[in-house]
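K.L.:
Would you mind keeping the following structure in view while I ask a few things?
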Amino acid sequence: MNPYPQKKVITFNKHTDDFSFNVNYAELDHIPSVELQYIGALNLTEVVLSGVGDALSKHTGDNVEHKGIKAHFNLDDSGILNLVNVEFVAEKTVTEDPDESTMAKIGSTISKLFGSEAETLEKPDEKPEENPQEDSQNKTDKPNETSTEKQNTTEPETKPKPKIVVLKETIKSDEQILNLKPLSPDQLSQSKAKIAELNAIDRKRTERETALNNLEAFVVDAQMKVDMEEYAVCGTEEQITEIKKICSETSEWLYDDGYEAATEVFEEKLASLRDKTHPIFYKHWEHSERPDAIAAIRNMLNNSKEFLKMSKNFTKELNSEKDVFTEVEIGVLEKKITETEGWLNTSIKEQKALKKNEEIKLTVESIREKMTNLDREVKYLLNKLKIWRPKKPVKIETENKTEEVVSEPKESKENGETQEIPVTETEEITVEETEAKEEEEILQLGEGKDEHSEL
């Protein structure tokens with residue numbers, strides 16, 4: 001619901017030529033006379049209309065009724081009244097042409113006539129059996145049909161209803177604002193500069209209030225924390241005493257001389273107070289977060305050990321069919337688990353031997369780094385297990401048997417190093433090749449025997 005009407009229409013019925021009208025404030029009796037002077041001029045705008053006589057002369061006649069000239073106003077969200085448009089409105093009564101209606105009726109009857117003839121032509125020529133009783137009935141029905149036709153011809157025809165058409169024509173209007181004149185270019189630039197200056201003042205005020213609130217909140221928070229035992233044990237007596245002294249001095253300064261200080265002063269005092277309290281607050285955070293970090297890395301170590309135990313079953317020595325991992329890869333993971341576990345146990349012992357206000361040996365960041373390194377090794381083997389596929393068997397054909405041998409990587413030694421050469425193509429030995437080799441061997445043996453007999 002709108003608190004006030006946003007649209008207003010003023011209708012002028014008696015004007016037949018160009019005229020002008022004013023828009024004023026009305027019904028101001030409830031406002032005291034002292035406050036009326038602050039409103040200013042009560043006359044808001046003056047509107048001059050032209051072309052009224054021409055619009056009236058265009059729309060004249062017995063069937064035309066003038067509804068007057070209507071001025072449409074709109075009240076925007078800022079409460080400013082604006083003239084939308086001015087238009088001349090008339091209503092014209094229009095009736096249907098009887099000639100057109102009769103021609104339409106004739107056209108419809110002709111279409112029905114041709115439609116009935118086409119239907120009769122489509123029907124097959126079938127002569128029904130003649131019954132004397134039906135003929136007598138048809139003869140008796142003919143007088144009734146003629147009587148109904150006469151009644152239909154005597155009925156009066158219905159007259160068409162008149163239609164009302166609304167005619168509108170725009171009237172040229174010239175609006176002059178009287179209470180508030182538009183600004184000149186110089187005044188507009190001055191107003192923009194003033195608004196920018198006010199925005200800068202508001203921004204500086206907001207920054208100063210924010211800095212003051214941050215300093216007050218930090219002083220109160222620091223005073224409460226250093227009085228707590230869990231924070232006090234994280235610092236030395238000298239540090240706690242110094243922080244309490246700075247907080248009390250800052251609090252007194254804020255409520256006495258510092259309330260009107262500049263923004264930079266608040267920010268400097270807040271930065272110096274944070275530097276003093278940071279070591280204690282950081283140590284307290286480390287001691288409170290360390291148990292969760294240790295529990296997380298121990299859980300990762302247990303999972304890594306289980307994965308290592310399972311991975312050893314997928315090596316060539318234990319499972320020749322599923323040799324997913326090599327001994328080097330298993331050894332790297334096992335070494336990483338051992339190193340991480342040993343480092344964790346040693347660091348925990350060293351940290352327990354220290355006081356809470358001393359330098360921290362086992363930090364949360366170092367635990368996260370060790371977890372990242374261990375997780376990288378486990379993920380490497382896990383991804384290799386996912387993409388592993390069994391090796392294809394190699395078919396070897398002999399005289400009467402076909403053997404399937406799993407292709408294994410061949411080894412070649414160069415310079416004392418062993419290199420693995422994978423078999424990429426299957427080797428097939430046919431029966432003809434084996435027979436040819438046997439015949440060659442027999443011939444060689446026979447030649448050797450002849451030479452020996454001659455000797």
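No value in this document is a laboratory result; all are computed from the given coordinates. Because the structure is predicted, anything quoted here is derived from the model rather than measured. Methodologically, a virtual Cβ is constructed for each residue, glycine included, from the backbone with ideal geometry; neighbour enumeration extends over all protein chains shown.
K.L.:
Take the cross-link list K244/K370; K336/K386; K269/K352 and give me the ones stretching past 28 Å between alpha-carbons.
P.N.:
K244/K370; K269/K352
K.L.:
Using 5 Å bins from zero, what percent of all Cα-Cα pairs in the stretch 348-394 falls into each bin?
P.N.:
4, 16, 15, 12, 12, 9, 8, 7, 6, 4, 3, 3, 1, 1
K.L.:
Between the stretch 256-297 and the stretch 162-201, how far is it from one alpha carbon centroid to the other, in angstrom?
P.N.:
56
K.L.:
Out of the trypsin sites (Lys or Arg not before Pro) in the stretch 36-74, which ones are loop residues according to DSSP with at most 11 other C-beta atoms within 10 Å?
P.N.:
When the trypsin sites (Lys or Arg not before Pro) of the stretch 36-74 are filtered for loop state and at most 11 Cβ neighbours within 10 Å, nothing remains.
K.L.:
Is the shape of the stretch 216-296 rounded, prolate or oblate, going by the alpha carbon gyration tensor and its root eigenvalues a ≥ b ≥ c, with a/c under 1.5 for rounded and a/b larger than b/c for prolate?
P.N.:
Since a/c reaches 1.5 and a/b is larger than b/c, the shape of the stretch 216-296 is classed as prolate.
K.L.:
In whole Hz and in residue order, list the ³J(HN,Hα) couplings for the stretch 161-177 that follow from phi through the Karplus curve 6.51 cos²θ - 1.76 cosθ + 1.60, θ = phi - 60°; x for Gly and Pro.
P.N.:
Residue by residue, the stretch 161-177 yields 7, x, 10, 10, 10, 8, 10, 10, 9, 6, 9, 5, 10, 10, 9, 10, 7 Hz.
K.L.:
Same structure again: Magnitude of the Cβ-charge dipole of the stretch 204-411, K/R +1 and D/E -1, about the Cα centre, nearest 20 debye?
P.N.:
1380
K.L.:
Evaluate the relative contact order of the stretch 204-411 (contact order divided by residue number), counting alpha-carbon pairs under 8 angstrom at least 6 apart; express in whole percent.
P.N.:
18
K.L.:
May I pose another question? Give a quick list of GluC sites (Glu not before Pro) in the stretch 10-74 that DSSP marks as loop, anything other than H, G, I, E or B, with at most 15 other Cβ atoms within 10 Å.
P.N.:
Passing sites in the stretch 10-74 are E27.
K.L.:
Considering every Cα-Cα pair within the stretch 204-411, what fraction, in whole percent, is farther apart than 32 Å?
P.N.:
The answer is 52 percent, as a whole percent.
K.L.:
Also, quick follow-up: For N179, list long-range residues whose amide hydrogen, built 1.01 Å from N in the peptide plane, is under 5 Å from its own amide hydrogen.
P.N.:
Residues meeting the criterion, in which the H sits 1.01 Å from N, do not exist here.
K.L.:
Mind giving me the FRET efficiency for S251 and E209? R0 is 22 Å, r the Cβ-Cβ distance, nearest 0.05 is fine.
P.N.:
The formula returns an efficiency of 0.80 here.
K.L.:
May I ask you to evaluate 6.51 cos²θ - 1.76 cosθ + 1.60, the Karplus curve with θ = phi - 60°, for each residue of the stretch 331-343 and list the ³J(HN,Hα) values in order in whole Hz, giving x for glycine and proline?
P.N.:
With coefficients 6.51, -1.76 and 1.60, one gets x, 5, 5, 5, 5, 5, 5, 5, 4, 5, 5, x, 4 Hz.
K.L.:
Then there's this: Quick one: Cα centre-to-centre distance for the stretch 40-77 and the stretch 206-225, in angstrom?
P.N.:
If we compute the Cα centre of each part, the gap is 65 Å.
K.L.:
Same structure, new question: Filter the chymotrypsin sites (Phe, Trp or Tyr not before Pro) in the stretch 21-102 down to the DSSP loop ones having no more than 12 other Cβ atoms within 10 Å, then list what survives.
P.N.:
Filter output for the stretch 21-102: empty list.
K.L.:
Which whole-Hz couplings ³J(HN,Hα) result when phi for each residue of the stretch 191-201 is put into the Karplus expression 6.51 cos²θ - 1.76 cosθ + 1.60, θ = phi - 60°, listed in order with x for Gly and Pro?
P.N.:
Karplus values, whole Hz, x for Gly and Pro: 5, 5, 5, 5, 5, 5, 5, 5, 5, 5, 5.
K.L.:
When the label point is put 7 Å from the Cα of I39 along its Cα-to-beta-carbon vector, which residues of the stretch 173-189 have a backbone N closer than 14 Å?
P.N.:
In the stretch 173-189, the label zone of I39 (backbone N under 14 Å from the point 7 Å along Cα→Cβ) covers 179.
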